Each structure stands twice: as C-alpha cells, then as structure tokens.
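Peer 1: Here you go, one structure.
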There are 2 protein chains.
Amino acid sequence: MSIFIRNALIVTQDARRSVTKGNMLISGNTISYIGKKEFGADETIDAHGMAAMPGFINTHTHVAMSRFKGMLNDINLGGFLKKTFKYDAGRSENDLYDSSLVGIREMIDSGITSFVDLYYSEDIIAKAAEKLGMRAFLSWVTLDEQFTTQKGNPVKNAEHFIMTHKRSRLVSPSIGVQGIYVASDETLAKAKEISERHKTLMHMHLAETRKEVADEISKTGERPVEHLSKIGFLSSRLLAAHCVWLSDREIGLLASKRVNVSWNQISNSKLASGSARIGDMLKKGINVSLGTDSNGSNNSLNMFEAMKFSALSMKSLYGDASAITAQEVLDMITINAAKAIKREDIGSLEIGKLADIVLLRIDTPNMLPSNKSNIVNNIAYSANPSNVAYVLIDGKIVKEQASAKFQNA
Amino acid sequence: MSIFIRNALIVTQDARRSVTKGNMLISGNTISYIGKKEFGADETIDAHGMAAMPGFINTHTHVAMSRFKGMLNDINLGGFLKKTFKYDAGRSENDLYDSSLVGIREMIDSGITSFVDLYYSEDIIAKAAEKLGMRAFLSWVTLDEQFTTQKGNPVKNAEHFIMTHKRSRLVSPSIGVQGIYVASDETLAKAKEISERHKTLMHMHLAETRKEVADEISKTGERPVEHLSKIGFLSSRLLAAHCVWLSDREIGLLASKRVNVSWNQISNSKLASGSARIGDMLKKGINVSLGTDSNGSNNSLNMFEAMKFSALSMKSLYGDASAITAQEVLDMITINAAKAIKREDIGSLEIGKLADIVLLRIDTPNMLPSNKSNIVNNIAYSANPSNVAYVLIDGKIVKEQASAKFQNA
C-alpha cells in the first residue's frame, strides 16, 4: 500500500524546523519521500489548502475514563477522585472497552496519533487501540495492594501485561505508578526493576497537589522528588505527569536525572491544583511534553486546546508574553513527546520515519491567512479539531473528514 | 419562511435554565413554538443527536483585524500595538472589508450569532455583517484627534455612523472609546452625550494593563475607574472590555453604576496583561460576559475556547475548582451578554425571541455521553467548532455543516 500526498504545506518538525511546500510519498508504514517530485500510488490525497504535520502525541491520559465526561466538574482533586472511584467500581470489562473506543476516536478526531495511558486493565485498552489502528503507550498502574481494587498483585499484573504485549506493532506496554501517596518504597523499587528488565517506560503522577507534597514531608521529611531521588527511582525512563509543586532543588534533580515531564495544565487549572513552573524547567533543559489528562478532569482529549491553554497560562503565570513561543509548544506535542517515550521513529516528518501524519485544512476562515511564516503560530493558537482533514497512523488512513472526502470525490 | 427543528436537546437558557428534549418552530425570524408537537414547515431539520442553544454572543472583538492572524505573537501589549498600527496604516477599505468577511465567517463557524466590535470604519464592517447575515453591534471608536489616523473628527464620524445605520435590521450602531490613555475628559463627555442622545451602547477598553493604571494615576491622581466615576462617565450603557486591574473600590463603583464587563481572558493571558478579578465582580453582582478580543491577540474568534479558558483560568487564579461553574460561563456568552447589549429579544430560546440558534452535534466522540444532566458541562468544557452543525441568525440558516447536509439528504 502506498499513499501520495500532493501539494501540502509540510511542517516537518525536523532538526531545522523546516516548513516547505511539497509532496510526500508513504510506502507501507514509512515516509519514503518528501520533495517536489510526483509519484503514482495506490491512493492520492490532494492536500492543496492543507498543512501536513507529524501526528500529535498525548503524553498523559486515562482513556478508559472517557465515559465520565461532564460528570466530574467544578470540584477539586479530593472530591474528584472520590467520585471517580465510585463510578469506576461499578464498571465491567465491556464498559472499559467501550469507553476506550470513544476516547481513542476523540483523540484521532483532534489529530492525536499516539497516546500514553496510565490505568489498570491496559490489556482491554490495548484491544481498543488495535481495533482503531491507534499507536498506544500503555502503562499498567501499580500501587500497594492495600490501596488497589485490581484483582491480584498490581506489580505482577503489570509485568504480565508487558510480557504478553511486548511484540505488538501498535501497542508499547510499560509499567506505571499511581503516585507516591499509595506506593511504598518497595513497590517503587519493584516497578523500577521491571521497567529495567523489560526496557520499558515508567509513567506516574508526581507532585500534582500541595497536599501530596505536605503528606510526603510529614511521612518522610522529604519532598516527593527528593524522596524519589534518594531511593534511586529517577531516570530518563521516567515520564512524570504534572510536576506542579517543585522546589528549585527538585527541578535540578529532575534535570540532572533526565526525567521527562508531561505538562497537564488544563487538568491542573480545572482542578485548581496549581500551575507547573515550566519556564524554570525549560531553563534547566528538562524535556517537557503535553498531556490532556482524562476526560474526567479536562474534559476533552484535544491537543489544540492543550497547546493554546498551556502556552497562554505560562505567559500569564510568568507575566511575560514571550515566556514560551508557539514553536516551543508545538515541539512539546511532537518531537519532545517522541523523545519522552524513547521513539526516534515518530514526532517529525522525515524520510524513514513512520507515517503518523495529520493533514489540517488551512484554507478555512479560522486559519486565514496561513503561510510559511505564520503556520506554526496558527497551528498552536488558531486551529481546532474542525481543521483535521486526514489522520494517518502507521501508514493507514484512520480518519477522513466528511467534507474532505466530498472535495476529493 | 418557516423552519421546524425536530428532536433536539434544547438548552433554553431561560430563567429556570431548563433543558428539554423536543421540537422548535421558527416563523419568520422568531421562535414561535417549543414543545412536543409536530408542524409542517418550509424546511425541517432532523436534530436527533444535536443540542439546540441560543447563538453565542461575543461582547468584544475587532473583526477587521482578522487578517493579522498569526502575525502578532509572543509579544506584550506595547509591542503588539506598535506592530498593529504599522500593519493597519497600509490597509485599503477593501482590505478591511475582506478581513471582516473572514472574521465573521470564523465567528459563525464557531456558533457566534452576535458580536460587539470596536474599530474605526464600522460602516465597512456593517456591510460585511449584512452580506453574511450576521447580527452586529458596532461601536465606532473615538479618541482625541491628535492620536487618531481617522480622517475627520472621530466623534463626528461616530455620530454619522450611528445616524446612517440606526434603522438597520441586523446592525446596531453605537459609539466607542479607545481608552482613557488617548481620550481627554472632553472626548469622553462628547461620547457619553452622543450615546445618550441616540440611546446607544458605549464600548471601551478599560483597565487592561498595569501601565494604563500607573499612567492615569500619574496624570490625574486617580485610578481609571475612579476617574471615570468622578467625571460621571459610568452608567449601564457602558460595556467595558478587560477590567483586569481594578481595586476593590473600583469594583464597587462598576457595580453601583451597573457597568457591564466584557471578560477577555485569552487575550489578557496571551499578552501577559494579567487576569481580571471576575470572582470578586460576580460577588458584587456585576454583569459579566465574554469577549474573544481580536485575531491579533487571541488568535481565534471561538467562544468554546473562551468559555473553557476563562472558567479554568479563574479556578486556577482563585485556587478553587468551584470558583465558577459551567452554567455561569455559559450564561456569560448568552443571557448575560444579551443583557449587556440591552437586547431582551436574544440570549435564550423562548417563544417570541429572535431565532438566533446554534445546533451542536452531541453524538460525536468528543461529546459522549451527553444528556440533560451533563449537557451544560459538555458545551462549556468539551465542545469545539467541529460540533457546530447549523447556525441560524434572525431565522435564516447561515451555516450548515457539510456532514450535516449529507446526513439530512
């Protein structure tokens, strides 16, 4: 199977951040050509009036919570978790599967081609991702047995999930930790050992609320990142979501251990948890990507919103309109995110990379004018899911907008 | 001409904020029936899987700036205005007209059926609004002659605009003021006198930046709202945009004079101007509505974004997830906004009101599940322009989504 994309404004996100007008050939699941030449192919997409982008990567969500949309509002994290656990307890495997299908479809509709998920029953979420052709980085959550509703031991469940899914093409299994507030040093050590043995990511919630910090100080005398550093948990395998309440010293520790941070500003603002000091993290060289968090706390899985909301919140927080640029926030959902999940084969449009591609309509009123000089600004600050015309994952078209279909007919 | 809308989830925004499943009949430009009965009509829309809403009202923009999209980024208000004035100086009437058409189309695409605009050359913007069937509240901006690029005297231009457009069906002309930093007490007094004589709104920028406050204190010894109060400028005719930097006393003054506030959080955050103390204003009973501001400083004219961004910013600012609810923010773009512009015939779906209506798809992945109990949350926090299936203004269909057309065919 080959696909020829003609006449797109190609936002490559390569090392030079080149933007170029041209054509792309996709052979099998790989980008085999970018340039001015014409090729015959099994399918041709006329991308005149469209920008081609690397597919967006969402580095933190709980997709199986999609069915809780609109049911968990205007309350803080404490009340939120209480309600969530109550709703969640009554769900069957089928409910989880259906909810995951809905959430993955929502992500594809807004141009997401890869997502990182933290939940139990990731085997069910894997099935939903595979059914829809979605690339999924699934972290089976672990925590101390006394706190879990999982059947069996969470650490063993996670390892079983990794072993049974490690050869999947679209699904990359890994191990997660709910948070230090429900994970003993022993559980943390086991999770780390499994991630090293199977060479997987570790994904966790970290320093999300002031309460988490205060409780950890009461328990250990140390702040969360300080404690994780002391027990040797920090490494570049770790993708830590939130990181809202960090001291200067903790930012330094994350930087020196090359921990990757997933910034979830919409969720943090909606739950009034606070705002992460992303400007300070960037100055220390920390690799920052963006997460939507779940449909419970966001309430959408929309990276356009995440880009604009995160960038503008940071400008506001630092009182500096140049505190973060459109290019920096676009990097966070593409190339930085690919780095965070250790995948050099996605995150930019370059020959030899996997064909995870979004085509955005840029000839609609909300995107005019768009050209080489302002396209990055327009993607970060002006686009929305109505602009998503095509989504390709692993060389397959997984979404084609009704009007795009009409236009190409 | 009559239109029958069948089987919608109707979010009325009436005094009881009723949400009901049913049908609506539109006769001419008016809502003539809401309930369970069936009617024959010139046109029938099957609204199964859709919510019906009063059209959104954007209470602050500069639509003719739409062509500056993506060209004014990551800079603060000082640099922003300098660049804007430079771009603006080179524009012809035709440029303004084309730019207004693009901006109005963008607004309609995201469900906006009325907007308040502050600019010179509002006669040109009026033409664009009438061509597209948009309801427009256009405030010709005034300022001291020494600061303007307008030909002739701004106050006379504004009055001429009001006189020539006061009988228009869709366009409501009014007078504006750029801001106290370019308007003498004499100019302010003349603007007020014209608004009283012609019974129009007054629309202005107010207390947008700390610099504006500091400069006014240097000049008069008073803060901006204090000064406007002293010269008798404050009244319920005034729709004041921004109001970011207010003292407790100034909030009290706005409340006691029943001044209406247009909250523009996206623009304020993007320019790093600050965050308005909306929670304190609501406690004092001030009528707050939402504005997008222009495509230069936003960079989109999208009320879904404005609702979510504003609500979440306020939760974050006050450190309280319940600081503002989805219902409150939805009120701000419908019934509160109608009150701000003195129009009792729009802002809710009730018999006898004008047929300014948005139909939103709620059966798409990003809106599932939607039902009576969570629809308000989902509109405020989950919807985006891709959900806008139909837009009706003054009883006419001004937008029909390609896929909706297909489905109804």
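Peer 1: On average, how many beta carbons from a partner chain sit within 10 Å of the beta carbon of a residue in B:272-285?
Peer 2: The shielding value for this peptide is 1.
Peer 1: Largest first, what is the accessible-area ranking of A:S294, B:S218 with a 1.4 Å probe?
Peer 2: Solvent-accessible surface, decreasing: B:S218, A:S294.
Peer 1: A follow-up question, please. What is the Cα centroid distance between region B:174-248 and region A:18-83, reported in whole angstrom?
Peer 2: 46 Å
Peer 1: Report the accessible area of A:T334, computed with a 1.4 Å probe over the heavy atoms of all protein chains in place, in Å² rounded to the nearest 10.
Peer 2: That residue has around 0 Å² of solvent-accessible surface.
Peer 1: Still on this structure: For A:S172, which sequence-distant residues (separation of 5 or more, or a different chain) have an amide H within less than 5 Å of its own amide H, given hydrogens modelled in the peptide plane?
Peer 2: A:A136, A:F137, A:L138
Peer 1: Would you mind telling me which residue in B:S275, B:S168, B:S297 has the biggest mean-square fluctuation in a Gaussian network model of chain B, where springs connect alpha carbons within a distance under 10 angstrom?
Peer 2: Per the Cα network of chain B with a 10 Å cutoff, B:S168 tops the list.
Peer 1: Okay, next question. Check the straight Cα-Cα distances from A:K230 and name the lysines below 28 Å, setting aside those fewer than 8 residues away within the same chain.
Peer 2: A:K156, A:K190, A:K192, A:K199, A:K211, A:K219, A:K257, A:K283, A:K284, A:K339, A:K342
Peer 1: Report, in deg cm²/dmol and to the nearest 500, the calculated mean residue ellipticity at 222 nm for the protein assembly as shown, where each DSSP H run with n ≥ 4 adds -39500 (n - 2.57) and the sum is divided by the residue count.
Peer 2: Taking each H run of at least 4 residues, the total per residue is -10500 deg cm²/dmol.
Peer 1: Between copies, how far apart are the B:E350 label points? List them in nm, one decimal, shortest first, with each point 7 Å from Cα toward Cβ, please?
Peer 2: Between copies, matching label points for B:E350 lie 6.1 nm apart.
Peer 1: Looking down the axis that turns B into A, which residue of B has the closest beta carbon, and how many Å out?
Peer 2: Closest to the rotation axis on chain B: B:S386, 2.
Peer 1: Mind checking region A:1-62 for trypsin sites (Lys or Arg not before Pro) that DSSP puts in a loop (not H, G, I, E or B) and that have at most 12 other Cβ atoms within 10 Å?
Peer 2: A:R16, A:K36, A:K37
Peer 1: To the nearest 20 Debye, how big is the dipole of the protein assembly as shown about its Cα centre, given +1 on the beta carbon of each Lys and Arg and -1 on that of each Asp and Glu?
Peer 2: 60 debye
Peer 1: Under a 5 Å amide H to amide H cut-off, with H placed in plane at 1.01 Å, what residues pair with A:A241 once short-range neighbours are removed?
Peer 2: Those qualifying (amide H under 5 Å, at least 5 residues apart or on another chain) are A:M204, A:H205, A:L206, A:S262.
Peer 1: What is the extension gain from A:D215 to A:F39, computed as 0.36 nm multiplied by their sequence separation minus the C-alpha to C-alpha distance, in nm to one decimal?
Peer 2: That works out to 57.2 nm of additional length.
Peer 1: Can you pull the mean other chain C-beta count within 10 Å for peptide B:298-310?
Peer 2: 4
Peer 1: Follow-up question, since we're still on this one. Using the alpha-carbon centroid of each, what span in Å lies between region B:320-385 and region B:264-302?
Peer 2: The two parts, judged by their Cα centres, are 18 Å apart.
Peer 1: If you wrap region B:56-340's Cα atoms in a convex hull and average its projection over all directions, what's the area in nm²?
Peer 2: Mean projected area of the Cα convex hull: 13.3 nm².
Peer 1: Over chain A, calculate the relative contact order: mean separation of alpha carbon pairs under 8 Å at least 6 apart, over the residue count, as a percent.
Peer 2: 20 percent
Peer 1: Shielding of B:73-81 by partners, i.e. mean partner chain Cβ atoms within 10 Å per residue?
Peer 2: Whole-number average of other-chain Cβ neighbours for B:73-81 is 4.
Peer 1: Considering only chain A, what is the antiparallel percent among its DSSP beta bridges, to the nearest 5?
Peer 2: Close to 40 percent.
The values are calculated or read from the model by the stated rules, or taken from the named source; none is laboratory data. Because the structure is predicted, anything quoted here is derived from the model rather than measured. Reconstructed Cβ throughout: ideal geometry from the backbone, glycine too, with neighbour counts over all protein chains shown. Heads up: the accessible areas ignore ligands, DNA and RNA and are worked out on the full protein's heavy atoms, side chains in. Shrake-Rupley method; radii C 1.70, N 1.55, O 1.52, S 1.80 Å.
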